[in-house]
Amino acid sequence: FRSPVVTGQSAGGPVALRLATALAEAVAWVEAQGIPRGDVAQSLAAQGIAGEGTGRAGAEDETARRCIAALANEGARLVAEGVAPTAAHVDAVALAAGLMARWTGGPMHRANRRGLMVLRRDLRLWEAENPALWSPAPLIDAVIAEGRGFI
């Protein structure tokens, strides 16, 4: 079963805009911690964030983990609010809008692969630093409680 991704007037519509905003906020936070912009760009490229990247990378570093977490957390908010009908829709928009490389599968897929309990733990650890960005979306708890993943 396939369903279209409704994007509105701009590429990705409100879903892409909110994901891009979350990514920009995460990048700004990382840079504010003293990480040079070039290092941030290299980390993101290695993980296929904000473009096609360099290919399937190994372990995620702190910068990439925070950016993927911010995207997945915002994706969970979008699904919970009904702005995006499913987590797969969030992934499709993230890929179509060029926020993540196709080979990554998207932020919701990456969160599933890493583990939603790990995502929630990371978000809770970072929450005090920037509650608007890092407070775990309630949907994450709900999905964990149901013993399922986003996708």
- Which residues, taken from region 91-124, are out of contact with any helix residue (DSSP H, G or I) (no Cβ under 7 Å at 6 or more places or on another chain) and part of a helix (DSSP H, G or I)? A92, A96, W103, N112, R113, R114, V118, R121, R124
- Boolean, I151 is among the β-branched types (V, I, T), open to solvent by 20 Å² or more (accessible area, probe 1.4 Å) and outside any helix (DSSP H, G or I): yes
- Taking the options V79, V143, V83, name whichever one is aliphatic (A, V, I, L, M), over 24 Å from V30 (Cβ atoms), at pLDDT 95 or above and in contact with a Ser or Thr (Cβ under 9 Å, 6 or more places away or on another chain). V79
- Task: For region 125-138, name all the residues that are farther than 14 Å from I68 by Cα and either open to solvent by 80 Å² or more (accessible area, probe 1.4 Å) or assigned to a helix (DSSP H, G or I) (or both).
- Result: L125, E127, A128, E129, P131, A132, P138
- Task: Report, by residue number, each residue of region 81-90 that is in a helix (DSSP H, G or I) and either surrounded by 20 or more Cβ atoms within 10 Å (Cβ to Cβ) or not aliphatic (A, V, I, L, M) (or both).
- Result: E81, A87, H89, V90
- Have a look at R110, R148 and point out the one that is more than 14 Å from C67 (Cα to Cα) and charged (D, E, K, R). R148
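Condition check ((1) modelled with pLDDT of 95 or more; (2) within 21 Å of A132 (Cα to Cα); (3) buried (at least 17 other Cβ atoms within 10 Å of the Cβ); (4) among the charged types (D, E, K, R)) across all residues:
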{"position": "S10", "(1), (2), (3), (4)": "no, no, no, no"}
{"position": "L17", "(1), (2), (3), (4)": "yes, yes, no, no"}
{"position": "R37", "(1), (2), (3), (4)": "no, no, no, yes"}
{"position": "A50", "(1), (2), (3), (4)": "no, no, yes, no"}
- Task: Report yes if M108 is of a type in the set (A, V, I, L, M) and open to solvent by 60 Å² or more (accessible area, probe 1.4 Å), otherwise no.
- Result: no
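The values are calculated or read from the model by the stated rules, or taken from the named source; none is laboratory data. Worth saying up front: this structure is predicted, and the values here are computed from it rather than measured. Note that each Cβ is placed from the backbone with ideal geometry, even for glycine, and that neighbours are counted across all protein chains shown. Quick note on the areas: whole protein, heavy atoms, side chains included, nothing else; ligands and nucleic acids left out. Shrake-Rupley method; radii C 1.70, N 1.55, O 1.52, S 1.80 Å.
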